[in-house]
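Everything below concerns the one structure shown next.
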Amino acid sequence: MYALRPPAEPGMPIEDVDTPALIVDLDIFEANMARLADETKRGGIRLRPHGKTHKCAIIAQQQIARGAVGQCVQKVSEAEALVDGGITDVLVCNEIVGQTKLRRLASLARRARIGVCVDNVANIEELSIEAQSFGVDLRVLVEIDAGVGRCGIEPGEPAAQLAKLIDELPGLTFGGLQAYHGGAQHLRTLAERKAAIAGIVDKVNQTRAALQRAGLPCPEVTGGGTGTYRLEMESGVYTELQCGSYIFMDADYGRNRDEAGEPFRRFAQSLFVYTTVMSRPARDRAIVDAGLKAVSIDCGPPLIHDQPDLEYIFKGDEHGQVRLPDTGHSLHVGSKLLLVPGHCDPTVNMYDHFVGVRDGWVESVWPITGRGPGR
Ligand SMILES: *Cc1c(COP(=O)(O)O)cnc(C)c1O
């Protein structure tokens with residue numbers, strides 16, 4: 001491993017942090033973690049936060065210290081980063097395919113309790129072979145097609161047949177159902193999100209009935225994200241929630257509406273990209289050093305924190321333009337700004353470190369060891 005130079009050190013004032021940098025407001029981040037931990041505890045449901053949001057074992061440890069049962073991830077590389085950092089219970093809530101990856105997964109199960117999702121027979125057979133050759137037991141969940149055009153098998157009978165195969169094959173234990181509705185998280189109104197989650201709850205119920213007919217118990221129904229988790233919790237069929245973004249939030253979640261039609265503010269923005277003004281070429285324009293390589297583009301441009309009258313416009317890999325009011329603005333070359341990313345996960349994926357800040361001072365620098373393309 002080569003050492004990457006962090007943009008900050010503990011004890012620095014935030015103004016000295018080099019840019020672009022990924023900043024976490026620790027007070028807000030901790031309040032977000034505590035809020036969902038309390039809600040799930042009160043609701044009697046387990047919380048297995050999604051590690052693809054942070055890809056950082058230090059954050060995973062903090063979630064577990066507040067009562068989370070473990071972590072979920074999308075990629076074997078994320079699972080490896082978390083297990084290397086001491087996490088002992090990880091569910092890969094995605095399909096993992098090919099001998100190279102399956103061997104890594106089985107090898108990981110020698111050091112931690114590992115679960116994985118499946119939606120086809122050949123993959124289950126390969127998992128059984130690798131689990132046996134590594135002498136481990138893998139927890140295998142059947143992923144139900146949520147109808148969003150991603151992975152998953154048809155609910156009901158076809159899903160129950162896969163569960164039966166898992167139950168029969170050595171090295172594998174049927175762990176229950178993966179039922180995550182990715183398309184529902186950012187539906188803007190509560191009514192739309194309710195309708196979508198009612199649909200997937202129905203699919204879970206069909207599958208549970210088919211499992212019962214096959215004489216198979218269903219130990220777990222896991223799913224749910226930051227946008228819908230209360231609905232999964234209230235459905236009574238989920239045993240575990242997989243929220244990820246709630247610790248950081250982003251501009252896209254900021255566009256969701258709550259039951260009163262107000263912006264969804266159960267969790268507050270704790271994640272920012274810190275950027276420096278490099279040029280001030282015109283009265284109504286500042287150029288900053290955060291471009292495509294510093295903040296995600298998939299959910300639109302970032303917002304400028306606490307300055308709704310300013311607008312960010314992407315200007316390439318290393319440049320962003322900030323539109324200023326015609327009346328002028330006090331920003332000057334060297335000024336620093338906080339951006340609110342459009343989408344938290346892919347923004348985090350661009351950085352090697354989180355810079356944790358409290359009351360304007362850097363308190364911690366945490367490596368993002370699970371970042372990358374996700375192998
Ligand atoms: C991304 C993801 C989540 C978490 O969603 P958030 O919106 O970040 O809370 C949960 N489960 C699965 C399978 C996911 O892909």
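In the stretch 146-178, how many residues are outside any helix (DSSP H, G or I) and out of contact with any Pro (no Cβ under 7 Å at 6 or more places or on another chain)? Step through it out loud before you land on a result.
From the stretch 146-178, those outside any helix (DSSP H, G or I) are 146-156, 169-178; that's our starting set.
If we keep only those that are out of contact with any Pro (no Cβ under 7 Å at 6 or more places or on another chain) too, we end up with 146-156, 169-174, 177-178.
Residues flagged as outside any helix (DSSP H, G or I) and out of contact with any Pro (no Cβ under 7 Å at 6 or more places or on another chain) within the stretch 146-178 amount to 19.
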Q.
With at pLDDT 95 or above and open to solvent by less than 10 Å² (accessible area, probe 1.4 Å) as the only criterion, which of Gly300, Gly342 stands out?
A. Gly342
Q.
Residue pairs, Cβ under 7 Å, 6 or more apart or interchain, first in the stretch 312-338 and closer than 18 Å to Phe272 by Cα and at pLDDT 95 or above, second among the small types (Gly, Ala, Ser) and part of a strand (DSSP E or B). List them.
A. Tyr312/Gly320; Ile313/Gly320; Phe314/Gly320; Val322/Ala286
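Looking at the stretch 188-216, which of the residues that are surrounded by fewer than 18 Cβ atoms within 10 Å (Cβ to Cβ) and either of a type in the set (A, V, I, L, M, F, W, C) or within 12 Å of the ligand (Cβ to nearest atom) (or both) is farthest from Ala268 (Cα to Cα)?
Here is the first cut: in the stretch 188-216, the ones surrounded by fewer than 18 Cβ atoms within 10 Å (Cβ to Cβ) are 188-189, 191-192, 194-195, 198-199, 202, 205-206, 209, 212-216.
Cutting the leftovers down to either of a type in the set (A, V, I, L, M, F, W, C) or within 12 Å of the ligand (Cβ to nearest atom) (or both) gives us 191, 195, 198, 209, 214, 216.
Details: Ala191: 22, Ala195: 25, Ala198: 27, Ala209: 39, Ala214: 45, Leu216: 42 Å.
Out of the qualifying residues, it is Ala214.
Given the options Gly182, Gly223, name the one that is within 23 Å of Gly115 (Cα to Cα), open to solvent by less than 20 Å² (accessible area, probe 1.4 Å) and in contact (Cβ under 8 Å) with a residue 24 or more places away in the chain. Explain how you work it out, then say what you get.
Working: Gly182 fails: open to solvent by less than 20 Å² (accessible area, probe 1.4 Å).
Of the residues listed, the single one that is within 23 Å of Gly115 (Cα to Cα), open to solvent by less than 20 Å² (accessible area, probe 1.4 Å) and in contact (Cβ under 8 Å) with a residue 24 or more places away in the chain is Gly223.
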Q) For the stretch 274-294, does any single residue satisfy the condition of being open to solvent by less than 10 Å² (accessible area, probe 1.4 Å) and within 16 Å of the ligand (Cβ to nearest atom)? A) no
**Q.** Matching residues, the stretch 217-268, being touching a strand residue (DSSP E or B) at 6+ places or on another chain (Cβ under 9 Å), under 19 Å from Thr207 (Cβ atoms), part of a loop (DSSP other than H, G, I, E, B) and more than 9 Å from the ligand (Cβ to nearest atom)
**A.** Pro217, Cys218, Pro219, Glu220, Val237, Tyr238, Thr239
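Residues checked against (1) in contact with a Lys or Arg (Cβ under 9 Å, 6 or more places away or on another chain); (2) under 30 Å from Pro158 (Cβ atoms); (3) in contact (Cβ under 8 Å) with a residue 40 or more places away in the chain; (4) β-branched (Val, Ile, Thr):
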position	(1), (2), (3), (4)
Thr189	yes, no, yes, yes
Gly199	no, yes, yes, no
Asp252	no, no, yes, no
Pro263	yes, no, no, no
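Going by the conditions given, is Ile153 open to solvent by 10 Å² or more (accessible area, probe 1.4 Å), closer than 17 Å to Val97 by Cβ and touching a strand residue (DSSP E or B) at 6+ places or on another chain (Cβ under 9 Å)? Spell out how you get there, then give the answer.
Numbers: open to solvent by 10 Å² or more (accessible area, probe 1.4 Å): yes; closer than 17 Å to Val97 by Cβ: yes; touching a strand residue (DSSP E or B) at 6+ places or on another chain (Cβ under 9 Å): yes.
Here the answer is yes, as Ile153 does meet what is asked.
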Q | From Ala21, Ala57, Ala34, residue being buried (at least 17 other Cβ atoms within 10 Å of the Cβ), within 22 Å of Thr222 (Cα to Cα) and away from the ligand (no atom under 16 Å from the Cβ) | A | Ala57
Q: Would you list the strands (runs of 3 or more DSSP E) that sit entirely within the stretch 63-136 and hold 1 or more residues that are open to solvent by 30 Å² or more (accessible area, probe 1.4 Å) and at pLDDT 95 or above?
A: 89-95, 113-118
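Name the residues in the stretch 345-358 that are of a type in the set (Ser, Thr, Tyr) and buried (at least 22 other Cβ atoms within 10 Å of the Cβ), would you?
Of the stretch 345-358, the ones of a type in the set (Ser, Thr, Tyr) are 347, 351.
Hit for the stretch 345-358 is Thr347, nothing else.
Please enumerate the residues belonging to the stretch 152-192 that are under 25 Å from Asn256 (Cα atoms) and not polar (S, T, N, Q).
Taking the stretch 152-192 as the starting set, the residues that turn out to be under 25 Å from Asn256 (Cα atoms) are 178-192.
Of everything in the stretch 152-192, those that are under 25 Å from Asn256 (Cα atoms) and not polar (S, T, N, Q) turn out to be Ala179, Tyr180, His181, Gly182, Gly183, Ala184, His186, Leu187, Arg188, Leu190, Ala191, Glu192.
The values are calculated or read from the model by the stated rules, or taken from the named source; none is laboratory data. This structure is a prediction, so every number in the text was calculated from the model and none was measured. Cβ: placed from backbone, ideal geometry, glycine included. Neighbour counts: every protein chain shown. Surface accessibility is based on the protein's heavy atoms, side chains included, excluding ligands, DNA and RNA. Shrake-Rupley method; radii C 1.70, N 1.55, O 1.52, S 1.80 Å.
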